[in-house]
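Enquirer: Pasting in a structure now, in structure tokens, and then I'll have a few things to ask.
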Amino acid sequence: GDDVYRSHTFGQGAALCGAGVLSDEGGNDRYEILQAGQGFGATGGVGWLIDASGDDVYTAADEPHVFPSAQAPEHNTNLAQGCASGVRADYLDGRSLAGGFGLLADGDGTDRYAASVFGQGAGYWYGVGALVDRAGNDTYDGVWYVQGAAAHFAGGLLIDDAGGDAFTATRNMAQGAGHDLSFGILVDGAGNDGHAAPNLALGAGNDNGFGLC
């Protein structure tokens, strides 16, 4: 069926000290969330969103603006679409917690992904996030730390196997970018694709990080 999933926070394949899975086997589906979902792993958590086929739309929204990011306060910190994050407290009480594992896997179809900060295969603070899309002419829109990007001892991975795809990031650290002992990887398998990003992108490492496009 053609399904619509709407959540505010922490859903659509999200986990903290456990496992959370959303599996949809087909249809032209819509997924909407503000933060922490669509394949999100917090501390001790494994979160998966699996969609087998269909022309799907994944939105990690900027409105309402309730989770302003440290990097770009005019945008939400989404932590979505194959993302994982821990709790950073090195500058507070020193009791940090490592992140988990988040995965968004989409089989085929012409799909659209939209997120602002931390999404589309992103990791933060010892978390590893991945987005895997097997086929289709897909569109990826993001702002900062998106499309295979990570910061602070983390990992981010985006794999798109085939299709004529369009990747757009409006700020830095995107499309295969790693910051501060992290790795960010974007693997684009085949197709006539377009990549647009301003700086520290398309295979970039910063502050002992590793990036590969």
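Enquirer: Can we say Pro73 is open to solvent by 60 Å² or more (accessible area, probe 1.4 Å), assigned to a loop (DSSP other than H, G, I, E, B) and either of a type in the set (Phe, Trp, Tyr) or touching a Leu at 6+ places or on another chain (Cβ under 8 Å) (or both)?
Expert: On the way: open to solvent by 60 Å² or more (accessible area, probe 1.4 Å): yes; assigned to a loop (DSSP other than H, G, I, E, B): yes; either of a type in the set (Phe, Trp, Tyr) or touching a Leu at 6+ places or on another chain (Cβ under 8 Å) (or both): no.
Criteria not met by Pro73.
Enquirer: Also, quick follow-up: Of all residues in region 17-59, how many are open to solvent by 20 Å² or more (accessible area, probe 1.4 Å) and either of a type in the set (Phe, Trp, Tyr) or touching a residue at least 60 places away in the same chain (Cβ under 8 Å) (or both)?
Expert: Of the residues in region 17-59, 3 are open to solvent by 20 Å² or more (accessible area, probe 1.4 Å) and either of a type in the set (Phe, Trp, Tyr) or touching a residue at least 60 places away in the same chain (Cβ under 8 Å) (or both).
Enquirer: Within the group Ala36, Ala84, which residue is assigned to a strand (DSSP E or B) and at positive phi? Please lay out each step first, then the result.
Expert: Values: Ala84 fails: at positive phi.
Criteria check complete, one pass: Ala36.
Enquirer: Can you name the residue in region 184-211 that is in a loop (DSSP other than H, G, I, E, B) and of a type in the set (A, V, I, L, M, F, W, C) and is also most open to solvent (accessible area, probe 1.4 Å) among such residues? Walk me through how you get there before you give the answer.
Expert: Of all residues in region 184-211, those in a loop (DSSP other than H, G, I, E, B) come to 189-193, 197-200, 202-203, 207-209.
The next check asks that each one be of a type in the set (A, V, I, L, M, F, W, C); those that pass are 190, 197, 200, 202.
On the way: Ala190: 49, Ala197: 33, Leu200: 62, Leu202: 79 Å².
For region 184-211, the residue satisfying everything is Leu202.
Enquirer: Sticking with this structure for a sec: Could you check region 150-177 and list, in sequence order, the residues that are closer than 20 Å to Leu97 by Cα and assigned to a strand (DSSP E or B)? Lay out the reasoning, then the answer.
Expert: We begin by selecting, within region 150-177, every residue closer than 20 Å to Leu97 by Cα; these are 150-156.
Answer for region 150-177, where residues must be closer than 20 Å to Leu97 by Cα and assigned to a strand (DSSP E or B): Ala150, Ala151, Gly155, Gly156.
The values are calculated or read from the model by the stated rules, or taken from the named source; none is laboratory data. Because the structure is a prediction, the values reported are computed rather than measured. Positions of Cβ are backbone-derived with ideal geometry, glycine not excepted, and every protein chain shown enters the neighbour counts. These area figures cover heavy atoms from the full protein model, side chains too; ligands, DNA and RNA do not enter into them. Shrake-Rupley method; radii C 1.70, N 1.55, O 1.52, S 1.80 Å.
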